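Throughout, read-outs are computed from the coordinates displayed, never taken from laboratory work. Computed from a predicted model, the values in this text were never measured in an experiment. Glycine also receives a Cβ, built like all others from the backbone with ideal geometry; neighbour counts cover every protein chain displayed.
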């Protein structure tokens, strides 16, 4: 196993900063592009980060610590952000995400004050018994997944423009 709470926090606390550096000031062409029908835009991925920060990670962690395996924690609607109308700029959304993430990390540090708490278990409605450590590990992998998704969406915007070099660009395959 490779999980260490402090290493997980290293990634979690950098995600908002990395996204802000990568996305702030970009034109709508970059922010509104997607990978085709039924896929998310870059802005929608940012909206998903915000929704998950509000309703997924810390609420589920608290549920695990309070309820244990006694009852399944509420499902997370991975698509809830798609039904919300928000005309805020990507910069404002990224600032909101940064604020929410800072609160989440503070709560994470407060709740996980003892190493043994990482082994606390809860009941996921689809997966069954899960550990707090697994939830936090998933949170980190989730961040990295969506950072890669954003890079892929943006790269694919130029897919037809790179000509024969496409053969060397794994992100476009």
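The angle separating the long axis of helix 42-55 from the principal Cα axis of greatest extent in the chain is about 10 degrees. When 19, 12 are arranged by Cβ crowding within 10 Å, least crowded first, meaning fewest neighbours, the order is 12, 19.
Using a/c under 1.5 as the rounded threshold, could you call the stretch 72-128 rounded, prolate or oblate? The axes a ≥ b ≥ c are square roots of the C-alpha gyration tensor eigenvalues, and prolate needs a/b larger than b/c, oblate otherwise. Taking the square roots of the gyration eigenvalues as a ≥ b ≥ c, the stretch 72-128 is oblate. When a/c is below 1.5 the answer is rounded, else prolate if a/b is larger than b/c, else oblate, so apply that to the stretch 7-70 with a ≥ b ≥ c taken from the square roots of the Cα gyration tensor eigenvalues. Oblate, because a/c is 1.5 or more while a/b does not exceed b/c.
Sorting 86, 143 from the fewest to the most surrounding beta carbons within 10 angstrom yields 86, 143. Residues considered: 42, 162, 11. Largest GNM mean-square fluctuation over the chain, using C-alpha springs under 10 Å, is found at 162. Taking a ≥ b ≥ c as the square roots of the Cα gyration tensor eigenvalues, with a/c under 1.5 meaning rounded and otherwise prolate when a/b beats b/c, else oblate, which class fits the chain? Because a/c hits 1.5 or more and a/b exceeds b/c, the chain counts as prolate. When only Cα pairs below 8 angstrom with a gap of at least 6 residues are kept, the chain shows a relative contact order of 31 percent.
Based on DSSP H segments of at least four residues, each scored -39500 (n - 2.57), the chain has a per-residue ellipticity at 222 nm of -18500 deg cm²/dmol. Running a GNM on the chain with Cα contacts under 10 Å, which residue among 20, 132, 155 ends up with the highest mean-square fluctuation? Highest fluctuation of the listed residues: 155.
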